[in-house]
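Working notes for the structure below.
The values are calculated or read from the model by the stated rules, or taken from the named source; none is laboratory data. Being a predicted model, the structure only gives us computed values, none of them experimental. Note: ideal-geometry Cβ built from the backbone for every residue, glycine included; neighbour counts use all protein chains shown.
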């Protein structure tokens, strides 16, 4: 059985090598998606584009200028105030999703609320926060 499978894979590999020269980029992407596990082609692309650690900048980061630091502090305070002003049901869900790092499904399990309700309340809360931050 193993020998048969290996022979099939070898034959397909040879066929692909011949077809590769004749294929467009889109056709090659389609073939790669068929012969790799789901998401395998995308994972390989991401890995290829990921910088090597030695290519990343090292050392202390530049200090932000005073105006930037003050602006960031003001935005942080404005956001904290906007979160406090949310209705309690929305505020709790936002805190669980963004500060508790829970998925919507996990929040639904914890609270016992339907997933659709969780999603709606979070969406409404984000709209309020967006409006408050303008």
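Some points to look at:
- Per-region count, the range 121-134, residues surrounded by 14 or more Cβ atoms within 10 Å (Cβ to Cβ) and farther than 21 Å from residue 76 by Cβ: 2
- For residue 43, the conditions (1) at pLDDT 90 or above; (2) surrounded by 10 or more Cβ atoms within 10 Å (Cβ to Cβ) are fulfilled apart from (1).
- Selection from the range 86-108 of residues that are assigned to a helix (DSSP H, G or I) and loosely packed, with under 13 Cβ neighbours inside 10 Å: 88, 99, 105
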